[in-house]
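The next block holds one structure in the form of structure tokens; read it before the comments.
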Amino acid sequence: MDINFLQQLSVGIFISAAASLLGVFAILKRMSLVGDALTHVALPGIALALFFKINPFLGALSFLLIATIGVWLLEYQSNLSVDTLVGIFFTASLAVGALFIPELDILEALFGDISKITHTDFIISILLSLVLIIVLLAIHKKLALHMVSQDMASSIGIKSKQLELVYLLLFALGVALGIKFAGALLMGALVIIPAATAKNITRSLHGFMLLSVIFGISSAVSGIYIDSIYNYPAGPLFILTGTLIFIVSLIWRAVFRK
């Protein structure tokens, strides 16, 4: 079997697993649209990275971290909601990205191209995805309580403000990792669709997390496999496969969870 295909498959599995776990808590906090908008903040970082001929991942991650910390600080120092703040960052970032991303690279920036991953991309993606997954699993109970009720979390000594920053930073890392796979335009769906599908089927937190990861990995593997046969972009295929599974989950919920 082609080593490049195995690398793509491995990266797809690890990134989709990490993104699917992030999606669980995004849905618990009702920030699905916020998460989707935040992914577009990566565009100016990608543009600058391409201009200076450095790895686009570094550019995307830098801008995402800056925007994330900015949103977190402004949320607690202004009367504006998170979705309003992210919306401002989103529109400004989209405008900057559209101005400076070279025309030849704009489709890859928007929709991703996992077939172009290098050996360095492979190592970085696997290691950082593992770090993201391990940290999320370590804090998942506190994080879930914080997302559901900040008052209850604070009453038992959970530092909600700091915990939210940790989650937002992990979200930024997950988005930066997924840009190569799904692109800035589709990365939000990579996070949200598997978790939304799992929510239709289970009520428990652990079931929610497990099924989200299973659906995410299944969609990623399907997308990469179809890409290897028909040479279609894996990112859009992942989203379409995930959407089909989501529709099936809606039917399942209508039949079995009346």
Of the residues that sit in the stretch 146-188 and are closer than 19 Å to Pro236 by Cβ and surrounded by fewer than 24 Cβ atoms within 10 Å (Cβ to Cβ), which one is nearest to the chain's Cα centre (by Cα)? Leu186
Picking from Gly12, Gly45, Gly70, which residue would you name as being in contact with a Phe, Trp or Tyr (Cβ under 8 Å, 6 or more places away or on another chain) and either of a type in the set (S, T, N, Q) or surrounded by fewer than 22 Cβ atoms within 10 Å (Cβ to Cβ) (or both)? Gly70
Anything in the stretch 4-57 that is at pLDDT below 90, over 16 Å from the mean Cα position of the chain (by Cα) and closer than 16 Å to Ser125 by Cα? List them, or say none. Asn4, Phe5, Asn55, Pro56
Give the residues of the stretch 206-239 that are surrounded by fewer than 16 Cβ atoms within 10 Å (Cβ to Cβ) and either among the hydrophobic types (A, V, I, L, M, F, W, C) or closer than 20 Å to Leu190 by Cβ (or both), sorted by residue number. Ile229, Tyr232
Does the stretch 196-220 hold any residues that are more than 12 Å from Ile245 (Cβ to Cβ) and either touching a Ser or Thr at 6+ places or on another chain (Cβ under 7 Å) or in contact (Cβ under 8 Å) with a residue 24 or more places away in the chain (or both), and which are they? Lys199, Leu205, Phe208, Met209, Val213
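Hey, can you tell me all the residues within the stretch 188-222 that are not in a helix (DSSP H, G or I) and not polar (S, T, N, Q)?
Here is the first cut: in the stretch 188-222, the residues not in a helix (DSSP H, G or I) are 200-204.
Matches in the stretch 188-222: Ile201, Arg203.
The values are calculated or read from the model by the stated rules, or taken from the named source; none is laboratory data. What you are looking at is a predicted structure, and each value in this text was computed from that prediction instead of being measured. We place every Cβ from the backbone using ideal geometry, glycine too, and count neighbours over all the protein chains shown.
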